[in-house]
Amino acid sequence: MRYTLAGIQSAATADPERNLNHLLQLAEIAAARGAGIVLLPQLCTTPWFPATENGGVPLDGHDAALQRLQECAKEHGIHLVAPIPERTQGEREEWFNSAFVIGPDGAVIGTYQKRYLPDLDGYREKAYFSAGTGPLPVFDLGGLKVGVQICWDNYFPEGARLLALAGAQLIFAPTAAAFDSQQRWRALLCSHALCNNLYVFRLNRVGSEGAMEFYGQSFCVDPFGELVAEPAGQTEAIVMAMIDTDQVDEARRITRFLADRQPDLYAPLAAPTGG
């Protein structure tokens with residue numbers, strides 16, 4: 001089956017309401033261009049507050065933002081994947097760097113909670129978020145099986161393989177990459193696509209936020225690790241990609257990477273590191 005995807009490569013301001021309105025306008029344009037699945041950037045409604053441990057942006061107002069995103073999906077009849085903060089309240093309140101997957105009826109299909117949280121210059125996510133736990137979900141978006149790996153998750157290749165084994169045909173990889181990492185990210189995600197014979201859609205932020213210079217260059221890779229289209233530039237853009245799940249089946253038939261695994265060798269991968 002064939003699907004038309006659109007990634008909204010956008011910049012953020014200090015005003016979450018302005019950011020949300022802008023994203024909704026761009027999502028409407030993407031839907032008008034024929035996209036049935038629209039992807040939004042990591043922490044799409046907020047500035048990049050995790051750059052420091054006291055970023056100054058309150059983690060509030062996201063319930064209202066989610067409702068408007070749901071209304072957008074329903075109005076335009078699209079699937080919408082929206083990475084925004086998620087609050088859960090059990091024995092204690094926790095926040096997650098999550099991606100909400102919304103169906104064309106406006107209902108939330110499910111969420112993915114980022115598993116790996118960096119604690120680096122410009123990326124102090126452990127100061128704000130808890131790490132997700134449990135099996136990695138695969139979402140059905142009108143027949144397309146989609147997994148999510150948010151930014152730092154992608155540096156741990158086990159996630160991509162687990163999603164492939166669970167039936168994923170596409171991995172959505174929203175990132176907030178700055179500095180001079182363009183070639184690194186391209187090599188990394190082309191490798192995931194090839195070794196697991198699935199599509200990978202990388203969607204990066206753009207814009208200058210304090211010391212962070214997000215460079216965009218979003219792209220989509222096919223199940224043979226080849227670019228579906230050349231990477232976008234360093235300004236706001238709607239990145240369109242046509243994908244065909246028959247290519248996933250063909251790639252897996254030709255390479256047999258998944259079929260020829262040797263799980264009896266892999267026990268050390270699950271051993272604790274001690275670190």
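Values quoted throughout were computed directly from the atomic coordinates according to the rules given, and no laboratory measurement underlies them. Quick caveat: nothing in here was measured; it's all calculated off a predicted structure. As a convention, Cβ positions derive from the backbone with ideal geometry for all residues, glycine included, and neighbour counts pool all protein chains shown.
The set of residues in the stretch 169-183 being part of a helix (DSSP H, G or I) and over 17 Å from the mean Cα position of the chain (by Cα) consists of Q183 alone. Screening Q113 with (1) out of contact with any helix residue (DSSP H, G or I) (no Cβ under 9 Å at 6 or more places or on another chain); (2) under 22 Å from S191 (Cα atoms) gives one miss only, at (2). Scanning the stretch 136-166 for residues that are of a type outside the set (A, V, I, L, M), part of a loop (DSSP other than H, G, I, E, B) and in contact with a Leu (Cβ under 8 Å, 6 or more places away or on another chain) turns up just one, Q149. Just checking, does the stretch 5-16 include any residue being in contact (Cβ under 8 Å) with a residue 24 or more places away in the chain, on the phi < 0 side of the Ramachandran plot and surrounded by fewer than 17 Cβ atoms within 10 Å (Cβ to Cβ)? So far as the stretch 5-16 goes, yes, one or more of its residues are in contact (Cβ under 8 Å) with a residue 24 or more places away in the chain, on the phi < 0 side of the Ramachandran plot and surrounded by fewer than 17 Cβ atoms within 10 Å (Cβ to Cβ).
Taking the stretch 1-91 as the region of interest, the strands (runs of 3 or more DSSP E) fully inside it that hold 3 or more residues being under 24 Å from S218 (Cβ atoms) and touching a helix residue (DSSP H, G or I) at 6+ places or on another chain (Cβ under 6 Å) are 79-89.
Out of contact with any Phe, Trp or Tyr (no Cβ under 7 Å at 6 or more places or on another chain) and aliphatic (A, V, I, L, M): does that describe I102? In short, yes.
Before we move on, is A176 out of contact with any His (no Cβ under 9 Å at 6 or more places or on another chain) and farther than 30 Å from Q262 by Cα? Yes. Would you point out the residue of the stretch 100-125, among those that are assigned to a strand (DSSP E or B) and of a type in the set (A, V, I, L, M, F, W, C), that is farthest from the chain's Cα centre (by Cα)? That would be L120.
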